[in-house]
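> First the structure, which I've put down as C-alpha cells, then a few questions once you've had a look.
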Amino acid sequence: MILIILIYGLYMFEKIKFALQDPIIDLLEKFNLDQRKEKINLGIGIYKNEFGKTPILESVKKAEKYLLENEVTKNYLNIIGIPNFCNLTQNLLLGKNNPIIKENRARTSQTPGGTSALRIIADFLSSNSFIKRVWISNPTWPNHNTIFKNSGLEICQYNYYDSHNHNLNFEKMLNSLKYTKFGDVLLLHGCCHNPTGIDPTPEQWKILSLLAEKKKLLPIFDFAYQGFSTDLYQDTLSLRIFAKNNPEIIVLNSYSKNFSLYNERVGSYTIIAKNSVHAENVLSQTKLIIRSNYSNPPSHGAAIVSTILSNKILKKEWIMELTSMRNRIKKMRRLLVKNLKERSNSEHFDFIKKQNGMFSFTDLDKHNIERLRKEYGIYLIDSGRINIAALTSKNIPFLCDSIISVTR
C-alpha cells in the first residue's frame with residue numbers, strides 16, 4: 001500500500017495534467033481579456049449584424065411568444081425529441097416530396113446542437129459497425145477530427161484546398177480518395193465548407209457521389225450553414241445528388257446559424273437507409289447511446305424551430321431574415337475585398353469574393369496573425385480563417401489597415 005501511494009500520490013487527482021483548450025475557445029478567452037476598444041474577434045463562427053450584435057430574429061421572438069402562451073407542460077421529451085421537429089427537419093434537408101421521405105427510408109433524432117449529433121453518430125459507428133476509418137477534408141472544422149478520434153476511429157485526411165490558387169484542388173482530392181477502402185466513412189461539408197468557404201461544383205459532387213457508391217463508402221454530410229450560400233434548397237443540392245446513387249447516408253445539421261439560436265443548442269442527425277426496417281434498426285441503436293449520454297434533448301429551441309417551420313407566415317418571415325443575413329455577409333465580403341484592394345493597390349485578395357458562407361480562408365501566416373493579435377487586437381485562429389459575419393462597415397477599414405500593415 002505504501003509503495004502504491006509513493007508511485008501514484010496520495011490523492012487520485014494529483015497526477016491529472018492540465019488539458020490544452022480548444023483553439024477557438026482559447027482565442028475567445030484571450031479576446032475577452034483584451035481591454036482595447038477597437039478589438040475584433042474573427043475567430044468563433046457567430047453571425048453579427050451591422051451593430052456588432054448577434055440578433056434574436058423577429059420570427060423567433062414571435063414563436064417564443066406563442067410558446068409562452070400555449071405551452072402546457074415541461075415534461076421530458078422522448079429520446080428522439082419533438083416528432084414534428086424531426087419530420088420538418090427531413091423536409092428542410094431533402095425536400096417535402098423527396099422519394100426518401102415517401103418511402104419512409106429516413107429517421108431523424110433531435111440533439112443538443114450539431115456537435116452532439118456528430119458525437120452520437122461517431123459512437124454508433126464505433127460500437128455497431130465494422131467501420132474503422134473516417135476520411136476528413138484537410139483543412140476542416142477541428143472538432144471533426146477530435147470527435148471521431150475520441151470515439152476510437154482512425155482519422156484519414158483527403159486533400160482539399162489549393163493555397164496557391166485559393167480554390168478547391170479537386171484533382172488532389174480524388175487522388176487522396178483513391179486510398180479509401182470498402183466501409184470507410186467519407187465526411188463532407190454539405191455547403192459553405194468550414195474553413196475555406198469553397199464547395200465542389202454540381203459536376204464535382206456527382207463525381208464524388210459515384211466514387212462513394214463504387215467504393216461502398218458511407219457518406220456523412222455535415223450541414224451547419226444551410227441557407228448561407230445560395231438559398232435553403234440549393235444549399236442541399238450536394239445531398240440530393242448523393243442520394244440518387246448512395247442508398248445509405250447520414251446527415252448532421254445545426255440550427256444555430258440559420259435561426260440564430262446559438263445558446264439553445266438545436267441540431268439533429270438523419271439516417272437514410274435502403275429501406276424502412278434498416279433505418280429503424282439504426283435509429284434504435286443510436287437511441288441506446290443517447291439514453292446513456294443525455295437521455296433526452298431540451299425542448300425550447302426545437303419547439304421554436306418547429307413552430308416557425310410549421311407556420312406559413314412565420315416560415316416566410318424567417319426565410320426573409322435568413323436571406324437578409326446571407327446578403328449582409330456577401331456585402332461584407334465585397335466591402336472587405338474593395339478596401340484591401342484600395343489600400344494595397346493589388347488584386348491579391350480578390351479570391352475572397354469567390355468563397356461562400358460565414359468564413360473566408362486568407363493566406364495570412366502565423367506571424368501575420370500573431371502581429372494582428374498583439375499590435376491591433378484582431379483575433380483569428382492560426383489557420384488564417386476569418387469570420388466574415390463578424391465584419392461591419394465600421395470595423396472593416398481598421399481591419400484592412402491592420403492587415404496591410406502586417407503583410408508589408
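> If you check every pair at least six apart or on different chains, which have Cβ atoms under 8 Å apart with a residue in segment 245-274 that is modelled with pLDDT under 95 first and a residue that is among the hydrophobic types (A, V, I, L, M, F, W, C) and open to solvent by 30 Å² or more (accessible area, probe 1.4 Å) second?
Asn245/Leu210
> I've got another one for you. Restricted to segment 285-309, and to residues that are open to solvent by 50 Å² or more (accessible area, probe 1.4 Å) and either in contact with a helix residue (DSSP H, G or I) (Cβ under 6 Å, 6 or more places away or on another chain) or part of a helix (DSSP H, G or I) (or both), which residue is farthest from Glu64 (Cα to Cα)?
Here the answer is Gln285.
> Look at Lys316 and say whether it is in a helix (DSSP H, G or I), open to solvent by 30 Å² or more (accessible area, probe 1.4 Å) and without any contact (Cβ under 8 Å) to a residue 12 or more places away in the chain. Talk me through it step by step, then tell me what you get.
Details: in a helix (DSSP H, G or I): yes; open to solvent by 30 Å² or more (accessible area, probe 1.4 Å): yes; without any contact (Cβ under 8 Å) to a residue 12 or more places away in the chain: yes.
Answer is yes for this residue.
> Report, by residue number, each residue of segment 192-244 that is part of a helix (DSSP H, G or I), aliphatic (A, V, I, L, M) and in contact with a Gly (Cβ under 7 Å, 6 or more places away or on another chain). Please lay out each step first, then the result.
So the first thing to find is which residues in segment 192-244 are part of a helix (DSSP H, G or I), and the list is 202-215, 234-244.
From what is left, the residues that are aliphatic (A, V, I, L, M) are 207-208, 210-212, 237, 239, 241, 243.
Answer for segment 192-244, where residues must be part of a helix (DSSP H, G or I), aliphatic (A, V, I, L, M) and in contact with a Gly (Cβ under 7 Å, 6 or more places away or on another chain): just Leu239.
> Which residue is least open to solvent (accessible area, probe 1.4 Å), if the candidates are limited to segment 329-354 and must be of a type in the set (Asp, Glu) and in a helix (DSSP H, G or I)?
Asp350
> Grab the helices (runs of 4 or more DSSP H) fully contained in segment 4-102, keeping just those with 3 or more residues being open to solvent by 90 Å² or more (accessible area, probe 1.4 Å). Lay out the reasoning, then the answer.
Working: elements: 23-33, 58-70, 83-94, 99-102.
Output list reads 23-33, 58-70.
> Look at segment 142-191 and say how many of its residues are in a loop (DSSP other than H, G, I, E, B), in contact (Cβ under 8 Å) with a residue 60 or more places away in the chain and under 20 Å from the mean Cα position of the chain (by Cα).
2
> Spot the failing condition for Asn175; the list is (1) open to solvent by less than 10 Å² (accessible area, probe 1.4 Å); (2) over 22 Å from Thr230 (Cβ atoms), and only one is missed.
Of (1) open to solvent by less than 10 Å² (accessible area, probe 1.4 Å); (2) over 22 Å from Thr230 (Cβ atoms), only one is false for Asn175: (1).
> So, in segment 353-377, of the ones that are of a type in the set (A, V, I, L, M, F, W, C) and at pLDDT 90 or above, which residue ends up nearest to Asn395 (Cα to Cα)?
The residue in question is Leu372.
> Which residues, counting only those in segment 367-393, are open to solvent by 60 Å² or more (accessible area, probe 1.4 Å) and without any contact (Cβ under 8 Å) to a residue 40 or more places away in the chain?
His367, Glu370, Arg371, Lys374, Glu375
> Residues of segment 213-228 being surrounded by fewer than 24 Cβ atoms within 10 Å (Cβ to Cβ) and either of a type in the set (Gly, Ala, Ser) or farther than 24 Å from Thr115 by Cβ (or both), which ones?
If the condition is that a residue be surrounded by fewer than 24 Cβ atoms within 10 Å (Cβ to Cβ) and either of a type in the set (Gly, Ala, Ser) or farther than 24 Å from Thr115 by Cβ (or both), then Glu213, Lys214, Lys215, Lys216 are the ones that fit.
> Also, quick follow-up: Determine, yes or no, whether Arg119 is modelled with pLDDT of 95 or more, open to solvent by less than 60 Å² (accessible area, probe 1.4 Å) and among the basic types (Lys, Arg).
Spelling it out, it is not the case that Arg119 is modelled with pLDDT of 95 or more, open to solvent by less than 60 Å² (accessible area, probe 1.4 Å) and among the basic types (Lys, Arg).
> Next up: Hey, Arg326 hits all of (1) basic (Lys, Arg); (2) surrounded by fewer than 19 Cβ atoms within 10 Å (Cβ to Cβ); (3) out of contact with any helix residue (DSSP H, G or I) (no Cβ under 9 Å at 6 or more places or on another chain) but one; which does it fall short on?
Among (1) basic (Lys, Arg); (2) surrounded by fewer than 19 Cβ atoms within 10 Å (Cβ to Cβ); (3) out of contact with any helix residue (DSSP H, G or I) (no Cβ under 9 Å at 6 or more places or on another chain), the lone unmet condition for Arg326 is (2).
> Could you check segment 178-200 and list, in sequence order, the residues that are more than 19 Å from Glu213 (Cβ to Cβ) and either surrounded by fewer than 21 Cβ atoms within 10 Å (Cβ to Cβ) or of a type in the set (Val, Ile, Thr) (or both)?
Selection gives Thr196, Ile198.
> While we're looking at this one, here's another question. Among the residues in segment 192-213, are any under 30 Å from Trp318 (Cα atoms) and of a type in the set (D, E, K, R)?
Step one: filter segment 192-213 for residues under 30 Å from Trp318 (Cα atoms), giving 192-202, 205.
Checking which are of a type in the set (D, E, K, R) leaves us with 199.
Scanning segment 192-213 turns up at least one residue that is under 30 Å from Trp318 (Cα atoms) and of a type in the set (D, E, K, R).
The values are calculated or read from the model by the stated rules, or taken from the named source; none is laboratory data. Owing to the predicted nature of the structure, the values given are computational and were not obtained by experimental measurement. All Cβ positions, glycine included, derive from the backbone under ideal geometry; neighbour counts span all protein chains shown. For accessibility, only protein heavy atoms count, side chains too; no ligands or nucleic acids. Shrake-Rupley method; radii C 1.70, N 1.55, O 1.52, S 1.80 Å.
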